[in-house]
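Working notes, beginning with the structure itself.
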Amino acid sequence: MRIKKENNRLFPIFLKLEKLSLLIIGGGKTALEKLNTVLRNNPDTKINLIASHIDQRFYELSKLFNSIRLIKKSYGVSDLENMDVIIVAVNNLILSEKIKKDAKKMHKLVNVSDKPELCDFYLGSIVQKGNLKIAISTNGKSPTIAKRLKEIFSYFLPHELNEVLIKMHEIRKKLKGNFDFKVKKLNELTNQCLKNSFEKKKQKKN
């Protein structure tokens, strides 16, 4: 069997969600997973969640995060107004397609759970070590592979990397000289810092 060569043409970006308004449509398990993903990445995100039925766990979360607004109602096109990003997590293809169509007319970015063909963007697997954040995409082909890669990176990347980032930030602010000199110096320093971090992790294993 000949496999067609295909490249991932998705453009990776990191959004400052605290500066945007997010709408989640759905009140079940999938919507809860999406909500938790958003909160783990940025708990200050302003979130409206609408659904005709909302699981009790959403109400518990809303007590912990003041930025969550729960609205018990059926979807209406007016719900998209003043929203920047839309996440659809409903078990209803016809409704999902309608929301996508409405959102496109209003120039909104949409993610529809388990329907890649309706998505403007995907929620990829995330690896985080403090200030370091790595997003993984398989172009919608295999969430399972993305999950495994997340586990591998999470295990092998040392926690000390965040300390390295903080130190490098301070050094960068203090460095004098032209751009080429700074790049060369920072490359030398990062090479040594990362080498030391991996050596520490290796010693802990032994």
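A short reminder: the numbers here are calculations on the coordinates, not readings from a lab. Just so you know, these numbers come straight off a predicted model, no measurement behind them. Because the Cβ atoms are built from the backbone with ideal geometry, glycine has one as well, and the counts that use them run over all protein chains shown.
Quick look at the numbers
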| item | result |
| --- | --- |
| Karplus (6.51, -1.76, 1.60) ³J(HN,Hα), θ = phi - 60°, over the range 156-171, in Hz, Gly and Pro reported as x | 8, 6, x, 5, 5, 4, 5, 5, 4, 4, 5, 5, 5, 5, 5, 5 |
| Computed helical MRE - 222 nm, the chain, DSSP H runs ≥ 4 contributing -39500 (n - 2.57), nearest 500 | -14500 deg cm²/dmol |
| Space enclosed by the convex hull of the alpha-carbon atoms of the chain, per residue, Å³ | 207 Å³ |
| Three-way shape label, the range 48-95, alpha-carbon gyration tensor, a/c 1.5 | oblate |
| Mean Cβ neighbour count within 10 Å, used as a protection proxy, ranking 153-159, 13-19 highest first | 153-159, 13-19 |
| Interchain or long-range residues, amide H under 5 Å from Glu160's placed H | none |
| Ile24, Ile126, Ile166 arranged by Cβ crowding within 10 Å, fewest neighbours leading | Ile166, Ile126, Ile24 |
| Phi to ³J(HN,Hα) by Karplus 6.51 cos²θ - 1.76 cosθ + 1.60 over the range 67-80, Hz, x for Gly, Pro | 7, 8, 10, 9, 10, 8, 6, 7, 5, x, 4, 5, 5, 7 |
| Spatial separation of Cα centroids for the range 86-133 and the range 24-72, in angstrom | 15 Å |
| Likely footprinting exposure, Asp84, Asp114, fewest C-beta neighbours within 10 Å first | Asp114, Asp84 |
